1. Among the numbered conditions (1) of a type in the set (Val, Ile, Thr); (2) over 30 Å from B:LYS88 (Cα atoms); (3) within 7 Å of chain B (Cβ to nearest Cβ), tell me where C:VAL43 comes up short.
2. For A:LYS71, only one of the following conditions fails: (1) open to solvent by 60 Å² or more (accessible area, probe 1.4 Å); (2) more than 9 Å from chain C (Cβ to nearest Cβ). What is its number?
3. Within the stretch B:141-166, which residues are open to solvent by less than 10 Å² (accessible area, probe 1.4 Å) and either more than 24 Å from B:ILE183 (Cβ to Cβ) or in a loop (DSSP other than H, G, I, E, B) (or both)?
4. Conditions: (1) open to solvent by 10 Å² or more (accessible area, probe 1.4 Å); (2) touching a residue at least 60 places away in the same chain (Cβ under 8 Å). C:THR137 meets all but one. Number of the miss?
5. Provide a single number: the residues in the stretch B:198-228 that are closer than 23 Å to C:ALA76 by Cβ and in a helix (DSSP H, G or I).
6. Which one is surrounded by the most Cβ atoms within 10 Å (Cβ to Cβ) among residues in the stretch C:27-84 that are free of Cβ contacts under 8 Å to residues at least 12 places away in the same chain and over 16 Å from the mean Cα position of the chain (by Cα)?
7. Output yes when any residue across the stretch B:214-222 is more than 14 Å from chain C (Cβ to nearest Cβ), out of contact with any Phe, Trp or Tyr (no Cβ under 8 Å at 6 or more places or on another chain), among the aliphatic types (A, V, I, L, M) and surrounded by 15 or more Cβ atoms within 10 Å (Cβ to Cβ), and no when none is.
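The values are calculated or read from the model by the stated rules, or taken from the named source; none is laboratory data. Here the structure is a predicted model, which means the values were calculated and not measured. Please note: Cβ atoms are built from the backbone with ideal geometry, for glycine as well, and neighbour counts cover all protein chains shown. Side chains included, ligands, DNA and RNA excluded: accessible areas come from the protein's heavy atoms. Shrake-Rupley method; radii C 1.70, N 1.55, O 1.52, S 1.80 Å.
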Amino acid sequence: MAKIKGAIEVDVEKCKGCGVCIPACPTDVILLAKNVNGKGYHYAYMENPEACIGCVNCAIVCPDGVISVYKVKVA
Amino acid sequence: MSEIKLMKGNEAIAEAAILAGCDAYFGYPITPQSEVIEYLMVERPEDRTGMIVLQAESEIAAIHMVYGAAGAGKKVMTSSSSPGISLKQEGISYIAAAELPCLIVNVVRGGPGLGTIQPSQADYFQSTKGGGHGDYRLIVLAPASVQEMADFVEDSFKLAFKYRTPVMILSDGVIGQMMEKVIMPEQMPRLTDDEILERYGDWANTGKTKLRERNIITSLNLDSNVQEAHNIKLQAKYSQIEENEVRYEAINCNDAEYIIVAYGSSARVAQKSMAMARAKGIKVGIFRLISLFPFPKKEINALADRVKGFLAVEMSAGQMIEDVRLAVNGKVPAEHYGRYGGVIHSPEEVLASLENKIIGG
Amino acid sequence: MDIKDIIKPENLVYKRTELMTDKALSYCPGCGHGTAHNITMEVIEEMGIWEDTIGVAPVGCSVLAYEFMNIDMTQAAHGRAPAVATGIKRVWPDKFVFTYQGDGDLAAIGGNETIHACNRGENIVIIFINNGIYGMTGGQMAPTTLPGMKSSTSPYGRDISTMGHPLKMTELVAQLPGTYFVTRQAVHTPNAVRKAKKAIRKAFEIQKEKKGLAFIEIVSNCNSGWKMEPVDSNNWMVDNMFPYFPLGDIKVNGELVK
């Protein structure tokens, strides 16, 4: 059975660190970084990338549209 | 050659709008200008030219419909009377700020407040000095006959699009309600969608194609330096209008010793006063304002070098007189006369005032 | 598998629509406005109608919507967006026209314009963001502020005996024969976003078919105005706003639901 592997790419400088993506993720991939971006926001990042299934939930609830989602089928 | 018709001033405006190829009229009934929308509704211009007529829920909504449609590159208008024009001031300020072309007709009645439905010229300040908030001007044309009610419609649209600015026809209850013969212009076709895209596609909201950046119609500039620059641009436009678009009619001014300055129906009354004065050997001329903004400052200032005095006649407590005095600049006496609150002065009253305030004074 | 092998252009499944400009949104972190903007633009992109769409921005937090939506837009005076949209739609009946308004704009100062555009059945889409407060001016009471809810002009909580009741504008306009589709949505969870987007798509399809006015309320948060963390404000919205403003379709195909 093919397995789905996903990954997200966060536009770090545009992320406002609101954290709305965190509860939206069904596999607990995302956390806010301890570091801040140029505007002082703790941006979102993949703390647990192995678990990402590329479901796009985080991206569609992101008010600032800063998350791009990628997905591959792994045989 | 068009046939001669007998029409009310308000009807002439409405018919002229159809003939000018106007795309839409948005309005709200108010006396003494309701005939404009009534005429349009009877005439069904949608069948004649495709012109849209919509009775809005308020004067406020009507002017904002005009704002929307003007911003979309169309030739649009509204009309009202004094209290309704007060309601429209918000939208007029936005239209001026966003540099949109449109025609606004004010068939003035007596105020302040709900006032009276009788004619008045007490909206001069409101029309020529801004009316709404901010530094802006309207081009204001004042017809003195039913024929001019008709003629000024296309003129106004030409000015509105030339300068991308709102133009007001400032009429009054006399001109709006009275019937006179009028010769209508030929039907002009409405612009096609392609013509609109070609002419106004660089600024109007017509849909963002791949060929251009998006067009934004707005009056918001959060950066005060940008807002100041926008104001400077507007002021430059108004200066250009003052330079190019002054309109007036000088009647018997060449040999005149005294000048009556008047516009609209007051200029009609003054014609009789002038005739009576000349019969008595007093050399009176009339300087009839057609454009109230731009105001013919230079022309009146030049006249002041060779006449003995000016009488500003207007159906108000004295509004236009302030511009006349600024133009005369103290060279000779300039006084005001006018009945107001819906009362129309008689030729005799005007002449008596001239004799008492200027000649006798 | 390495992340670098996943993050490749051919594997892209979602990114922000190009109908949103590159400008950083002026909204506070976590504000639902951004999400509502995104899905509106996604619908316009998916329908392929951006060259024929004109948007009308309000006064309020979303006054700058025209900076973010990469289409032709007109910024309307406070509350007048439905009249402005009427003007545009009447002279360009084949264009798609929508307004995007907040609660102060649509339900307070623009109540009359809203009701009459709905009643005339103007063939436009109205998107109404209701967060129960005036965000832009600094958290004053809105017509939709809940009973007892604190704002800078109801500092002890909204007292309905003197300040009136929260206005259910969406139920109100559903009563008017000119509205064809009236719904209340939210954008705080992935499922809510998907449903809201479907509703917006339906609204634009209705406009395409010239069936009448489609009115979409989006109950949203205002974490700054409510003085909460973004995620907390979404939870507060679920617990407090949704009971008063329940989600779901109110009118479908011109018929009231139930």
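1. (3)
2. That leaves (2) as the condition not met.
3. If the condition is that a residue be open to solvent by less than 10 Å² (accessible area, probe 1.4 Å) and either more than 24 Å from B:ILE183 (Cβ to Cβ) or in a loop (DSSP other than H, G, I, E, B) (or both), then B:ALA142, B:PRO143, B:ALA144, B:THR165, B:PRO166 are the ones that fit.
4. Looking at each condition in turn, C:THR137 falls short on (2).
5. Count: 4.
6. Among those residues, the one meeting the criterion is C:GLU51.
7. Residues of the stretch B:214-222 more than 14 Å from chain C (Cβ to nearest Cβ): none.
No, the stretch B:214-222 has no match at all.
So that you can scan it fast, the table gives a plain yes or no per residue for (1) part of a helix (DSSP H, G or I); (2) in contact with a strand residue (DSSP E or B) (Cβ under 8 Å, 6 or more places away or on another chain); (3) within 14 Å of chain C (Cβ to nearest Cβ):
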residue	(1), (2), (3)
B:LEU54	no, yes, yes
B:GLY68	yes, yes, yes
B:SER79	no, yes, no
B:TYR94	yes, no, yes
B:GLU99	no, no, yes
B:GLY113	no, no, no
B:THR116	no, yes, no
B:GLN121	no, yes, no
